[in-house]
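Computed from the coordinates by the stated procedures, all read-outs in this text should not be read as laboratory data. It should be emphasised that the depicted structure is a prediction, and the values quoted were computed from it without experimental measurement. Cβ: placed from backbone, ideal geometry, glycine included. Neighbour counts: every protein chain shown.
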Amino acid sequence: MFVYCAKCKKKYLEQNENVDQKTFSFVLGIFHISLYNKPMEKLRLKNSNFIESFWCAFKGVLFGMKERNMHTHLFFFVCAAMFGFFLKIPAAEWMIVFLVSGVVFALELVNTAIEEVCNRLRDDLGLDYFATQKARDVAAGAVLVASWAAVACGLVIFVPKLWNFIGSYLSF
């Protein structure tokens, strides 16, 4: 029996006593999110073409850009880019700046997706916030670790150049 709606939870659990409650709730939540009360035969599981796949990905990035933390990451990326232009960093260091910034942006998008899934699970299954707190905390921790790595790379790239610039400016 395939369950795709949170409303079926009670009936399904009554018929199948041996089901682990946590596993069932997670699986049911994922199916409910992906299907959102639509019968399987009416659900289109794949994008119809390659361009539509990119459009869906672009919409996901736009949705993620609405997050407050994404604005913070974008601000620091713009600051790093301005320092890079001002200090004329070489191409290899630009690649490092872009790479670590891209990792932070990507992990922030993943964090946003995990939070959306947790919110859906919480709302649809009537769970409290603490039922999904570990998943949220781990996803946020991944962003934090990537941000620390980006800050470390920024310090290694920019501090010596700023030090040289300030030293040359002060020694008339």
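With an 8 Å Cα cut-off and a minimum separation of 6 or more residues, compute the relative contact order for the range 48-170 in percent.
RCO, the range 48-170: 30 percent.
On full extension of the chain, what length is gained from Ala57 through His71, given 0.36 nm per residue of separation minus the C-alpha to C-alpha distance? Let's see the in-between values first.
Details: separation 14, 0.36 × 14 = 5.04 nm, distance 1.88 nm.
Here the answer is 3.2 nm.
Be a star and scan the range 63-79 for residues whose amide nitrogen sits under 12 Å from the point 7 Å along the Cα-to-Cβ vector of Leu87.
Residues passing the 12 Å test: none.
Take Arg122 and Val145, extend 7 Å from each Cα along the Cα→Cβ direction, and tell me the distance between the two endpoints in nm.
Output for this residue pair reads 2.4 nm.
Determine, from the Cβ-Cβ distance of Phe130 and Ala106 and an R0 of 30 Å, the FRET efficiency 1/(1 + (r/R0)^6), rounded to the nearest 0.05. Can you show the working numbers first?
On the way: r = 27 Å, r/R0 = 0.92.
E(calc), rounded to 0.05, equals 0.65.
For Cys79 and Val159, calculate 0.36 nm times their separation in residues minus their Cα-Cα distance, and state this gained length in nm to one decimal.
Numbers: separation 80, 0.36 × 80 = 28.80 nm, distance 1.37 nm.
So the chain would gain 27.4 nm between Cys79 and Val159.
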